[in-house]
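One structure is given below, encoded as structure tokens.
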Amino acid sequence: MITDDPGTPGPGKWENNVAIAFEHRSDETAYDLPAIDLNYGVGEHIQLTLQTAPVLLKRNDHGPIGGLGGTEAALKWRFLDQETSGFDMSMFPRVIFNVVQSSVRRGLAEDGTRFQIPFQTAKTFGRSEWLYGVVCGFDVAKRTMLMAELHGTSRMNFTRDVLTVNFGLRHEFSETYILILSMGHEIQSPDQPTALIGYFGMQFVY
């Protein structure tokens with residue numbers, strides 16, 4: 001899902017996701033081939049994260065172009081635990097930057113360096129401040145969960161909201177290999193046409 005959860009992998013453990021993701025608008029479609037999400041646990045409450053993806057962009061009036069998209073480096077700190085506080089809560093400061101500046105000129109990545117500090121809690125909302133969301137999960141089998149999400153981004157004064165409805169599936173083949181699928185659509189996007197988004201990937205936990 002788009003909204004992060006407050007969990008961390010655990011001391012010395014990896015939680016890595018490799019997926020094919022896409023975002024389709026009326027005038028263009030972008031593919032992450034693949035989307036790479038690497039997460040490493042430092043102690044019980046800290047997670048180090050690095051995300052990036054090669055991007056293939058196809059505009060209606062041009063041929064496809066490719067290159068490296070934006071890169072994200074982040075650190076998650078889970079400072080409240082379900083066992084002691086009744087719910088998990090974490091903060092997830094991150095820096096989003098461009099390794100290859102030519103990707104900005106070609107429209108494959110956003111210009112500049114951005115800093116965000118999302119907060120997550122497992123019981124009430126997924127992110128606050130500039131990023132927020134609600135995720136609900138339903139166990140349909142012992143190893144299979146269906147999820148529904150409402151995710152939003154906005155400016156500091158909560159104007160120009162982008163709202164997305166998203167549905168997902170998580171299936172555990174084993175404790176190590178987990179299938180993750182999602183499909184969603186923006187229901188509000190003031191700056192550009194609304195997008196259809198999708199994600200198909202595997203999570204590797206070890």
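Quickly estimate the mean residue ellipticity at 222 nm for the chain, helices only: each DSSP H run with n ≥ 4 gives -39500 (n - 2.57), and the total goes over all residues, rounded to 500. Can you show the working numbers first?
On the way: 2 runs with 8 residues, N = 206.
Counting only the DSSP helices, I get -500 deg cm²/dmol.
Within region 1-47, which GluC sites (Glu not before Pro) sit in a loop by DSSP and count at most 13 neighbouring Cβ atoms inside 10 Å? Could the numbers behind the result be given before it?
Details: sites: 15, 23, 28, 44; in loops: 44.
Within region 1-47, the qualifying GluC sites (Glu not before Pro) (loop, at most 13 other Cβ atoms within 10 Å) are 44.
Enter the mean projected area of the convex hull around the alpha-carbon atoms of region 133-206, in nm², rounded to one decimal.
Details: hull surface 24.1 nm².
Dividing the Cα hull surface by four gives the mean projection, 6.0 nm².
Can you give me the relative contact order of the chain as a percent, contacts being Cα pairs under 8 Å and 6 or more apart?
Numbers: 563 pairs, mean separation 38.8, N = 206.
Reported relative contact order: 19 percent.
Within the chain, what's the longest run with no trypsin sites (Lys or Arg not before Pro) in a DSSP loop and at most 14 other beta-carbon atoms within 10 Å? Give the range, please.
Longest site-free region, per DSSP loop and neighbour criteria: 14-105.
Lysine pairs in the chain 8 or more apart or on different chains: how many have alpha carbons under 26 angstrom apart? It would help to have the intermediate numbers written out before the result.
Working: 13/76; 13/123; 13/142; 76/123; 123/142.
Lysine pairs, 8 or more places apart or on different chains, close enough: 5.
If contacts are Cα pairs under 8 angstrom and at least 6 residues apart, what is the relative contact order of region 1-51 in percent?
On the way: 87 pairs, mean separation 19.7, N = 51.
So the answer I get is 39 percent.
Within 10 Å of each candidate Cβ there may be at most 14 other Cβ atoms; applying that plus a DSSP loop requirement, which GluC sites (Glu not before Pro) in region 158-197 survive? Please report the intermediate quantities before stating the final value.
Numbers: sites: 172, 175, 186; in loops: 175.
Within region 158-197, the qualifying GluC sites (Glu not before Pro) (loop, at most 14 other Cβ atoms within 10 Å) are 175.
Using +1 on the beta carbon of Lys and Arg, -1 on that of Asp and Glu, and nothing else charged, what's the dipole of the chain about the Cα centre, debye to 20? Walk me through the intermediate numbers first.
Working: 17 positive and 24 negative charges, 46 e Å.
Result for the chain is approximately 220 debye, rounded to the nearest 20.
Using the Kirkwood formula on the Cα atoms of region 1-150, what hydrodynamic radius do you get, in angstrom to one decimal? Kindly include the intermediate steps, with their values, before the conclusion.
On the way: mean 1/r = 0.0587 Å⁻¹.
Kirkwood radius, region 1-150: 17.0 Å.
So for region 25-65, what are the equivalent ellipsoid semi-axes in whole Å, largest first, each being the square root of 5 times an eigenvalue of the Cα gyration tensor? Don't skip to the end; give the middle numbers.
Values: eigenvalues 237, 16, 5 Å².
Rounded to whole Å, the semi-axes are 34, 9, 5.
Largest first, how would 20, 180, 2 line up by accessible area (1.4 Å probe)?
On the way: 20 90, 180 25, 2 50 Å².
Sorted descending by solvent-accessible area, the residues read 20, 2, 180.
Under the Karplus relation 6.51 cos²θ - 1.76 cosθ + 1.60, θ = phi - 60°, what is the ordered set of whole-Hz ³J(HN,Hα) values for region 134-150, x standing for Gly and Pro?
After applying 6.51 cos²θ - 1.76 cosθ + 1.60, I find 10, 10, 10, x, 10, 6, 9, 7, 4, 10, 10, 10, 9, 10, 10, 9, 10 Hz.
Tell me the carbon and sulfur percent of the accessible area for the chain, rounded to whole percent, probe radius 1.4 Å. Walk me through the numbers before you get to the answer.
Working: 6980 of 11360 Å².
In the chain, the share of accessible area belonging to carbon and sulfur is 61 percent.
The values are calculated or read from the model by the stated rules, or taken from the named source; none is laboratory data. Keep in mind that what you see is a predicted model, and the values were worked out from it rather than measured. Note that each Cβ is placed from the backbone with ideal geometry, even for glycine, and that neighbours are counted across all protein chains shown. Note: accessible area is taken over every heavy atom of the protein model, side chains too, but ligands, DNA and RNA are not part of it. Shrake-Rupley method; radii C 1.70, N 1.55, O 1.52, S 1.80 Å.
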